[in-house]
Every structure is written in C-alpha cells, then in structure tokens.
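Chemist: Take a look at this one; I'll ask things after.
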Amino acid sequence: MTTATAATGKAAQRAAMGLGWGTFFCGFLPGLLQYRLGQRSRAAVALGTCTLLFFMGWVFVRDRLFGFALLSPDDGGRAAGRFGWVWPTLAKMGLPLTLPELLNLPAHALGSILSFDDSPSGQRLWRLPRRMEDLGGFLTAASGMLAAFWSADGHFGMRWQRDASEQTPPPPCSPALACGLSWLLPGLGHALAGQRGKGLLMGLAVAAVFAIGMVAGEGHAVDRAIAPVWWIGQSLFGGGALFAALITAPIAMGPSFPENLELGTNLCTVAGLMNLVVMVDAFTVAERVSFPLRAAAVAK
Amino acid sequence: MNLLLRLLVYVPVLFLIALVVVGQQHVTARETVRDAGRRTVRWLGYTAAIVAVMLAIEFVFID
C-alpha cells in the first residue's frame, strides 16, 4: 500500500467516526461547543438566546413544568418503588425529566431549582392550570429545541475542523439551520439545502398527518396540559405545536372528551415523529454536500 | 362507523408516513412518490398479515 493510499484510508476512517461522548455531552450546555471552537460571540449568542427563550416561557409556567414532566417527581417516585427517591432528588437538584426542556440544561436546572416545592400544597399546584400556560410551555420547550440546534451547529463545526480540507466544498446552508427551519416549517430546510421538490412533499406529508389528527381530535389533540407525554412527540413539529399553543389549546374543552381524541393525539404525535425524520434528513442533505457518504463506505 | 373512519384514515396516513420514510433515500419528489406507493402496498400486506394473526390468536385462545 502506498503512503498516499494509506493516508486517504486513514482520513476516510476518521471521517466515519463520531466525535465522542465528550462532545455529545458538551451539547447540553448551549454555546460550549462554539466556545471550544473559538467562536466566543456565537457561544454567547447561543447561551443568551436559549436562556432568554426559556425564561420567557418560565414566567408563565414556573413549577407547572413539574406537572408536564415525563415522570412527575412524586408519581414517578411511586412508580419506581424502592428507587422512588431518585426522581424527587433529581428534581431538587434541578434535573426533573421534562422534555425537551432538559436539552437546555443550565436554564432548565436554574428554573427548576427556583420553583421546586415538594410539599403537598406545592405538589397540588403543579397540577393546577395557569394563565397562558400553553404559550409558556411551548416557549420553554422551544428553548430545549433551540439548544439542540445550537448543539448540532457545534457538532458540524467540530466535524468541519477535524475532517475538512481545502478542497472540501462548504454546505449550501448551515445543516443546523436547515434542521431548525424544518422544525418550524417541515421541508424548508430541504429547500435551503437544494432539494426543494422533495422538501415540499415531505413537509406536506407531515402537515397533512398533523391536520388529520387535529380534525379527529376536534382541536384538542395537541394540548400539553391534557396529554403531556404525547406532547413531547408532538412538539417535534414546532410549527404545529406553536399553532396549537396559540389557537386551539387555549379553547376550553366541552363537558365530554371528543369521540376520537385518542386517534387525533396519536396522529399528531406521529406527525411530530415524522418531522424528526424530516429534520435529520435536512441536516444530512446539507452535510453530505461537504462530507459525502462515500467516505464512510470507503472506511468500511 | 368508527371502524370505517379509522380504516379511511389508516391508508392515506400510511402513504404519508411512507413518503417521509423513503424520502431519505431519494433526491427528487417523483422518485419519492413512486417508491412510497410501493412501500405502502408492502406495509398494507404486513398489516393484513398482522390482523390475520391477531384474529387467529383470538379464535384459538379467546373464542
């Protein structure tokens, strides 16, 4: 094997590798990856925007967020039996299992420490509706998603620093931007990355499934207060979740649940999960302009 | 009526999910639609097989 071939093989092998657990965990602190890349102003913007967005929502929801958690600090405790102390302890330390807020770790931890009260009256308050809680819950969740997009931006930057050479073409747009725009409007990221037709098709598919779900649930299929665990999946379609938070969720439900509410809730969650695929694909389409799949195939 | 509504929802939703799933392997919308159609038919076959197995289990163990 010539030296040149060995060097190419080595570069391809490196390109196929991930960036490691250290980089992964750094992604939970908005701006840390940008800071490691030497982009100090971008790091400050990342931390500032994520923190601001979280607290814009937190002023409306505060400790109500514990009621939206995947495992509530008291219910989760009961369900976990003798390990029941884990969830309240984590919540006390600022780490309740609230998704996607958990992705914005520092702001979420601060907000949780400031509002955690596990006394019986405090626990009762987690379950009481608040004014503007739909919008507040959306904004805190959006801060978690924004942190994830900043993290994706940092990961691409780290990869660029490690693998790019002078011949590497730049992506048509930032892969993280393509991903983030697809969160709000499915398909927009693909259009930016150069696959307009496919993006439109995938976006329409997500929007159609979401719309069918909303109609089936008579407008109540996406409501964090009614189905907080399902809402985690639904929030992966940010545009739809925002629409619901502003328009449909604040409308009070009648005396009985809509007949097909569970079908609608399911379909809207499916739409969110479909949009996760669309977001990842938008990121990949933009990324592969610079780092085609060939590199990984060569390494194998 | 409710079952009919669910069946009417199921097939188009399956096609829409297929559009997103196969879209990852294609570049153009035309290729994606064509492949999604084939994938939907295959998934409908799997669905029919699963329903048949469930009915068989019901017939053997419950009825």
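The values are calculated or read from the model by the stated rules, or taken from the named source; none is laboratory data. Every value quoted in this text rests on a predicted model; they were computed, and no experiment measured them. Neighbour counts run over all protein chains shown; Cβ positions are idealised from the backbone, glycine included. These area figures cover heavy atoms from the full protein model, side chains too; ligands, DNA and RNA do not enter into them. Shrake-Rupley method; radii C 1.70, N 1.55, O 1.52, S 1.80 Å.
Chemist: Apply the Karplus parameterisation 6.51 cos²θ - 1.76 cosθ + 1.60, with θ equal to phi minus 60°, to every residue of the range A:236-247 and state each ³J(HN,Hα) to the nearest whole Hz, in sequence, with x for glycine and proline.
Modeler: 6, 9, x, x, x, 5, 5, 4, 5, 5, 8, 10
Chemist: Then there is this: Run the quick spin-label model on A:Ser121 and A:Leu276: label points 7 Å from Cα toward the beta carbon, then report their separation in nm to one decimal.
Modeler: 4.0
Chemist: Would you mind classifying the protein assembly as shown by shape? Square roots of the alpha carbon gyration tensor eigenvalues, ordered a ≥ b ≥ c; an a/c under 1.5 is rounded, otherwise it is prolate if a/b is larger than b/c and oblate if not.
Modeler: oblate
Chemist: Going by accessible area, probe 1.4 Å, with all protein chains left in place, what is the ranking of A:Thr23, B:Thr47, largest first?
Modeler: Ranked from most to least accessible, the order is B:Thr47, A:Thr23.
Chemist: Give me the dipole magnitude in Debye, nearest 20, for the range A:153-300 about the Cα centre, with unit charges on the beta carbon: positive for Lys and Arg, negative for Asp and Glu.
Modeler: For the range A:153-300, the charge dipole is close to 520 debye.
Chemist: So, R0 is 22 Å and r is the distance between the beta-carbons of A:Phe25 and A:Gln161; what FRET efficiency does that work out to, to 0.05?
Modeler: That pair, A:Phe25 with A:Gln161, gives E of 0.75.
Chemist: Next up: Search the structure for amide H atoms under 5 Å from the amide H of A:Phe68, placed 1.01 Å from N in the peptide plane, and list their residues when 5 or more places away or on another chain.
Modeler: none
Chemist: Given only helices, namely DSSP H runs of n ≥ 4 each adding -39500 (n - 2.57), what is the per-residue ellipticity at 222 nm of the protein assembly as shown, to the nearest 500 deg cm²/dmol?
Modeler: Details: 19 runs with 249 residues, N = 363.
Computed mean residue ellipticity for the protein assembly as shown: -22000 deg cm²/dmol.
Chemist: Rounded to the nearest 20 Debye, what is the dipole magnitude of the range A:33-116 about its Cα centre when Lys and Arg each give +1 and Asp and Glu each give -1 at the C-beta?
Modeler: 260
Chemist: While we're looking at this one, here's another question. For A:278-284, what's the mean count of beta carbons from other chains sitting within 10 Å of each residue's beta carbon?
Modeler: Values: counts 3, 0, 1, 4, 0, 0, 1.
If you average over the peptide's residues, the count of other-chain Cβ atoms is 1.
Chemist: What do you get for the angle between helix B:29-57 and the principal long axis of chain B? Use alpha-carbon atoms, 0 to 90 degrees, nearest ten.
Modeler: The helix B:29-57 is inclined about 10 degrees to chain B.
Chemist: Placing +1 at every Lys and Arg Cβ and -1 at every Asp and Glu Cβ, with all other atoms neutral, what dipole size does the range B:19-63 have around its Cα centre, in debye to the nearest 20?
Modeler: Dipole of the range B:19-63, to the nearest 20 debye: 340 debye.
Chemist: Using a 1.4 angstrom probe and counting only protein chains, how large is the accessible area of A:Ser256 in Å², to 10?
Modeler: 80
Chemist: If you count, for every residue in A:261-269, the Cβ atoms of partner chains within 10 Å of its Cβ, what is the mean? Could you put the intermediate results ahead of the total?
Modeler: Values: counts 0, 0, 4, 1, 0, 1, 3, 0, 0.
Across the residues of A:261-269, the mean count of other-chain Cβ atoms within 10 Å is 1.
Chemist: Another one. Of A:Ile232, A:Pro258, A:Thr248, whose Cα points farthest to the positive end of the dipole of chain A (charges on the beta-carbon: +1 Lys, Arg; -1 Asp, Glu; origin at the Cα centre)?
Modeler: With unit charges placed on the Cβ atoms, the residue in question is A:Ile232.
Chemist: Mind ranking B:Phe59, A:Phe68 by accessible surface for me, highest first, 1.4 Å probe? Intermediate results must be reported in sequence, preceding the final value.
Modeler: Working: B:Phe59 150, A:Phe68 5 Å².
Per-residue accessible area, sorted high to low, gives B:Phe59, A:Phe68.
Chemist: Separate question: Give me the percent of the accessible area of the protein assembly as shown that comes from carbon and sulfur atoms, probe 1.4 Å, all protein chains in place. It would help to have the intermediate numbers written out before the result.
Modeler: On the way: 13070 of 18800 Å².
Whole-percent figure for carbon plus sulfur exposure: 69.
Chemist: Shielding of A:203-210 by partners, i.e. mean partner chain Cβ atoms within 10 Å per residue?
Modeler: Per residue, the average neighbour count from other chains is 4.
Chemist: Between chain B and the range A:272-286, what's the alpha-carbon centroid distance in Å?
Modeler: Chain B and the range A:272-286 have Cα centres separated by 21 Å.
Chemist: Applying 1/(1 + (r/R0)^6) with R0 = 56 Å to the Cβ-Cβ distance of A:Ala252 and A:Ser41, what FRET efficiency is obtained, to the nearest 0.05? Display every interim value, and only then the final one.
Modeler: Values: r = 45 Å, r/R0 = 0.81.
That pair, A:Ala252 with A:Ser41, gives E of 0.80.
Chemist: Can you find, among A:Leu200, A:Gly57, A:Gly213, the residue sitting farthest towards the positive end of the charge dipole of chain A, where Lys and Arg contribute +1 and Asp and Glu -1 at Cβ?
Modeler: After comparing all options, I get A:Leu200.
Chemist: Please report Rg (one decimal) and Dmax (integer) in Å for the Cα set of the range A:223-283.
Modeler: Cα only, the range A:223-283: 12.4, 44 Å (Rg, Dmax).
Chemist: Something else about it: Please give the total accessible area that chains B and A bury against each other, computed with a 1.4 Å probe and expressed in Å² to the nearest 100.
Modeler: Result for this pair: about 1500 Å² buried.
Chemist: At 1.4 Å probe radius, can you tell me the per residue accessible area of the range A:228-300 in Å²?
Modeler: Here the residues of the range A:228-300 average 46 Å² of exposed surface.
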